[in-house]
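**Q** The structure follows.
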Amino acid sequence: MPKVDETYFEKKRNAILDAAEEICAAKPLYKLTMKDVIRRTGLSPGAVYASFSDIDEVIIALINRLSDDVDFVEETDRILRDAVLPEEKITALCKYLVKLIYATVDGKGKLYYELATITTDSARTQKLKKGIHEMQMYGYVQATLVGIVEEYAACGYFTPAVALKSVYAFGVAFIDGLLRDLTLVRCYNAETPGGITFEEDDMADSFAASVLFLLNKKER
């Protein structure tokens with residue numbers, strides 16, 4: 001039997017992902033099924049399952065394919081190298097997180113918004129988080145930010161106005177809320193109260209300033 005060229009399998013995978021993307025343009029991600037994908041591709045069930053064992057693998061591959069090739073580790077390390085003072089590092093990392101949110105929404109906000117609906121099952125959530133590159137990206141940048149906060153709070157450089165867990169809760173609420181509301185406005189044409197706009201620079205400045213305010217830098 002002649003050996004099948006590797007490009008054949010890559011083309012087949014891309015055809016499956018193309019079909020999934022087309023389906024998601026017409027129906028919510030959380031309603032996507034393997035039957036939908038098989039029907040749209042025209043391939044046999046065996047051919048589709050040979051590339052993806054279940055619908056979650058299709059979702060992971062689809063979102064990763066749509067992701068920009070961002071080296072978030074290198075960018076985070078660059079921020080740590082270039083910034084001198086702890087507050088400069090925190091400001092730069094907060095602004096970088098906001099930048100990543102805007103890049104995510106502009107590229108695939110609808111998919112991320114709908115993804116939240118299907119991650120109520122903890123085991124499934126963990127599988128998706130481990131597979132989707134951008135979830136790893138957010139986790140890495142956030143963990144770096146938390147590490148700096150804890151290091152300089154422990155030595156007294158910062159004297160937080162509230163418990164650190166409350167600072168972290170604020171950060172998570174801000175990031176999740178911005179991702180949700182920005183997606184609703186840009187992907188679903190939702191209206192905001194009073195015509196509020198979400199300008200990237202304004203959101204980045206506000207997030208960084210709020211975190212530093214809560215950390216209450218000690219005067220020297």
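The values are calculated or read from the model by the stated rules, or taken from the named source; none is laboratory data. Keep in mind that what you see is a predicted model, and the values were worked out from it rather than measured. Methodologically, a virtual Cβ is constructed for each residue, glycine included, from the backbone with ideal geometry; neighbour enumeration extends over all protein chains shown.
**Q** Would you confirm whether any residue within the stretch 155-177 is touching a residue at least 60 places away in the same chain (Cβ under 8 Å) and at positive phi?
**A** Taking every residue of the stretch 155-177 in turn, at least one turns out to be touching a residue at least 60 places away in the same chain (Cβ under 8 Å) and at positive phi.
**Q** Another question about this same structure. Can you confirm whether the stretch 61-72 contains a residue that is assigned by TED's automatic domain parsing to the domain that holds Glu10 and among the aromatic types (Phe, Trp, Tyr)?
**A** Within the stretch 61-72, none of the residues are assigned by TED's automatic domain parsing to the domain that holds Glu10 and among the aromatic types (Phe, Trp, Tyr).
**Q** Separate question: From the residues in the stretch 77-102 that are assigned to a helix (DSSP H, G or I) and β-branched (Val, Ile, Thr), which one is nearest to the chain's Cα centre (by Cα)? Write out each step before concluding.
**A** If we filter the stretch 77-102 for residues that are assigned to a helix (DSSP H, G or I), which is where we start, we get 77-82, 86-102.
Those left that are additionally β-branched (Val, Ile, Thr): 79, 90-91, 98, 101.
Values: Ile79: 19, Ile90: 19, Thr91: 19, Val98: 11, Ile101: 7 Å.
Residue satisfying both the conditions and the ranking: Ile101.
One line per residue, one yes/no per condition, for (1) in contact (Cβ under 8 Å) with a residue 24 or more places away in the chain; (2) aromatic (Phe, Trp, Tyr); (3) under 30 Å from Thr197 (Cβ atoms):
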{"site": "Gly42", "(1), (2), (3)": "no, no, no"}
{"site": "Ser51", "(1), (2), (3)": "yes, no, no"}
{"site": "Ile55", "(1), (2), (3)": "no, no, no"}
{"site": "Val58", "(1), (2), (3)": "yes, no, no"}
{"site": "Asn64", "(1), (2), (3)": "yes, no, no"}
{"site": "Ile79", "(1), (2), (3)": "no, no, yes"}
{"site": "Leu97", "(1), (2), (3)": "yes, no, yes"}
{"site": "Lys108", "(1), (2), (3)": "yes, no, yes"}
{"site": "Tyr113", "(1), (2), (3)": "yes, yes, yes"}
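**Q** Suppose we filter the stretch 177-220 for residues that are farther than 21 Å from Ala92 by Cα, of a type in the set (Lys, Arg) and either over 21 Å from the mean Cα position of the chain (by Cα) or modelled with pLDDT of 90 or more (or both); how many remain?
**A** Here the count works out to 1.
**Q** Just checking, which of Leu62, Leu17, Leu43 is surrounded by 14 or more Cβ atoms within 10 Å (Cβ to Cβ) and not in a helix (DSSP H, G or I)? Talk me through it step by step, then tell me what you get.
**A** Details: Leu62 fails: not in a helix (DSSP H, G or I); Leu17 fails: not in a helix (DSSP H, G or I).
Being surrounded by 14 or more Cβ atoms within 10 Å (Cβ to Cβ) and not in a helix (DSSP H, G or I) holds for just one of Leu62, Leu17, Leu43, which is Leu43.
**Q** Looking at this structure, is Val162 modelled with pLDDT of 85 or more, closer than 27 Å to Leu62 by Cα and over 16 Å from the mean Cα position of the chain (by Cα)? Explain how you work it out, then say what you get.
**A** Working: modelled with pLDDT of 85 or more: yes; closer than 27 Å to Leu62 by Cα: no; over 16 Å from the mean Cα position of the chain (by Cα): yes.
Here the answer is no, as Val162 does not meet what is asked.
**Q** Still on this structure, please answer the following. Sort out which residues of the stretch 13-32 are acidic (Asp, Glu) and free of Cβ contacts under 8 Å to residues at least 24 places away in the same chain, and write them in order of number. Reasoning before the result, please.
**A** Restricting attention to the stretch 13-32, the residues satisfying the condition of being acidic (Asp, Glu) are 18, 21-22.
Of everything in the stretch 13-32, those that are acidic (Asp, Glu) and free of Cβ contacts under 8 Å to residues at least 24 places away in the same chain turn out to be Asp18, Glu22.
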